[in-house]
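Here is the structure we will look at, set down as structure tokens.
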Amino acid sequence: MADAAITYDLNILLDSELPEEQRERILADVEAMVADNGTVVSAHDWGRRKLAYEIRHKPEADFHLIQFHSSRELLERLDRTLRITDGVVRYRIIKLRPGTPDPPDLKSVAPVTGGDPEPAER
């Protein structure tokens with residue numbers, strides 16, 4: 001009996017101050033790398049969001065999720081490539097368990113754009 005293909009989540013936080021074409025090029029390069037050595041299951045653009053804490057003095061980043069099937073070699077190549085790519089604030093590759101639900105559509109949820117929330121009335 002053949003094993004089911006393993007699905008991975010790649011969460012990428014890109015510097016929101018980069019030009020749009022550079023952010024798109026980074027994502028296109030990552031997706032091409034995955035497509036050459038595996039299968040892209042889905043790609044999600046979650047938009048610009050405020051970070052829970054500043055990373056490299058950046059208060060916000062562009063969030064992206066790419067789900068894919070691949071081999072161990074691709075994971076190592078992605079790890080090395082993303083580690084040295086300018087404009088990548090953070091990334092994380094996670095192996096999903098079978099039966100994991102689909103990711104939420106965060107693009108439809110209004111992103112947090114900064115500012116302090118209004119104080120609650122007492």
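The values are calculated or read from the model by the stated rules, or taken from the named source; none is laboratory data. This is a predicted model, so every value here is computed, not measured. Note: ideal-geometry Cβ built from the backbone for every residue, glycine included; neighbour counts use all protein chains shown. Accessible surface areas use protein heavy atoms only, side chains included; no ligands, DNA or RNA. Shrake-Rupley method; radii C 1.70, N 1.55, O 1.52, S 1.80 Å.
Scan the stretch 67-94 residue by residue and report those that are open to solvent by 100 Å² or more (accessible area, probe 1.4 Å) and over 19 Å from Arg23 (Cβ atoms). Across the stretch 67-94, the qualifying residues are Arg72, Glu73, Glu76, Arg77, Arg80.
Among residues of the stretch 70-85 that are free of Cβ contacts under 8 Å to residues at least 12 places away in the same chain, those with a beta-carbon under 9 Å from a residue that is hydroxyl-bearing (Ser, Thr, Tyr) and open to solvent by 50 Å² or more (accessible area, probe 1.4 Å) at least six positions away or on a different chain give the pairs Arg83/Tyr91. Of everything in the stretch 31-55 that is in contact (Cβ under 8 Å) with a residue 40 or more places away in the chain and open to solvent by 60 Å² or more (accessible area, probe 1.4 Å), the residue that is farthest from Asp15 (Cα to Cα) is Asn37.
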